[in-house]
1. Give me the pairs: first residue in segment 186-198 and surrounded by 14 or more Cβ atoms within 10 Å (Cβ to Cβ), second residue of a type in the set (Ser, Thr, Tyr), beta-carbon distance under 7 Å, and six or more apart or on different chains, which are they?
2. Which one of these is outside any strand (DSSP E or B) and either modelled with pLDDT of 90 or more or surrounded by 11 or more Cβ atoms within 10 Å (Cβ to Cβ) (or both): 121, 162?
3. Suppose the filter is in a strand (DSSP E or B) and either in contact with a Gly (Cβ under 6 Å, 6 or more places away or on another chain) or aromatic (Phe, Trp, Tyr) (or both); does residue 90 pass it?
4. Please enumerate the residues belonging to segment 223-240 that are in a loop (DSSP other than H, G, I, E, B) and more than 22 Å from the chain's Cα centre (by Cα).
5. If you scan segment 56-76, which residues turn out to be open to solvent by less than 30 Å² (accessible area, probe 1.4 Å) and part of a strand (DSSP E or B)?
6. Consider residue 336 carefully, then state whether it is in a strand (DSSP E or B) and either open to solvent by 20 Å² or more (accessible area, probe 1.4 Å) or of a type in the set (Ser, Thr, Tyr) (or both).
7. Among what's in segment 269-290 and is of a type in the set (D, E, K, R) and touching a strand residue (DSSP E or B) at 6+ places or on another chain (Cβ under 8 Å), pick the residue that is modelled with the highest pLDDT.
8. What number of residues within segment 319-333 are part of a helix (DSSP H, G or I) and in contact with a helix residue (DSSP H, G or I) (Cβ under 9 Å, 6 or more places away or on another chain)?
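The values are calculated or read from the model by the stated rules, or taken from the named source; none is laboratory data. These numbers come from a predicted model, not from an experiment. Here the Cβ is made from the backbone with ideal geometry for all residues, glycine too, and neighbour counts use every protein chain on show. Areas reflect the complete protein model, heavy atoms only, side chains present, ligands, DNA and RNA absent. Shrake-Rupley method; radii C 1.70, N 1.55, O 1.52, S 1.80 Å.
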Amino acid sequence: MSAVVPLDAATVQNLLARRQIEDLLVRRGRAADAKDPDAIVAEHVPGSRDEHGIFAGTIEQFAEYLRQNNYRDSRYGLQRHTISNALIDFDSPDSARVESYHLAYHRLALDSGEYDVDIGGRYLDVCERFEGRSLLRSRTVVYDWSRSSPATDNHLPRRCAGGHMTTDEASREVTAADAVSELLARQQITDLLYRRARAGDRRDVALALSCYHLGATENHEGFDGTAADFIRDVSMISPNSTAPVTGLWHFISNILIDLRGDHADVESYHIAVVTRQDNGFETQSRIGGRYLDRMERRDGRWGIVHRDVVFDWSRVDEVALPYWELMRLDESKLLRGQFGPEDPLYSHLKVTRG
């Protein structure tokens, strides 16, 4: 067994500062997705610099630019920003340079029709503690790649559920013990979200059920009842399911946790890819949405007590030529994901189902 590395107060405070910066990046993305200029400004130091595409100026000027242009322009529809790959370099306990990756989705309505636009890029940020909070001192947006495709019909339900979640990053000194307890709770909640995604993608009913407390409820694509009934009888991983689904993949990001002792409100973003084979015709759906979870810690274990699933955007395409066929790779040498115990997860990492 590896030796336990003792954590001094400075190390713990550094870990907590990193978590606060990661939360800041997610809050800033959520403010943009809500098209709320005031919420955007609230995540920046007053007068901070923002270089964002064709705009360069103060954050207050950028907010006014959005009010007068993008947010009034009927061509700009729904948008969602997925944040990942945050690398944080501290120059001092109160200042850090941060590079993070983003995948931005936009629905545009042009004269030639509606388009789904994906933009991959990076945020180059300077963050600092200002009046007890982690805020952005400057932001530069880098555009790395983009893809535009004619929009497809959206046949998915739209669930606008749950109140707008808020987080309170209080200006207070915390002890090392308090900070460790908070960090541990946040990591356990994050792991819970990842396990729930794994359960769906590997069709592991027992693992899915273990992510909830007894009597938990779920509102999911027209279903409104107990989570256990949804998983066992309705969901795509149900033994009773007749859906011609051949693949599931759930990507979880933008996890924002409002922690209050043994209770937590959690918003997370997801991109789900669903592959179907129906009468010899194969389609692939991409679905962007959010999970709004109420969680509780009971007897030392975090579990979901209620989940609302929000559907924000989607597109359905005929399955295109996969990369390995395009490049004429030997498929027999590729590890492919599968439902059930045949997936490489179980043989390579010796993970136990359920």
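1. 193/268
2. 162
3. Criteria met by residue 90.
4. 238, 239, 240 - these are the residues of segment 223-240 that are in a loop (DSSP other than H, G, I, E, B) and more than 22 Å from the chain's Cα centre (by Cα).
5. Residue satisfying the conditions is 57 alone.
6. So residue 336 fails the test.
7. 290
8. Of the residues in segment 319-333, 3 are part of a helix (DSSP H, G or I) and in contact with a helix residue (DSSP H, G or I) (Cβ under 9 Å, 6 or more places away or on another chain).
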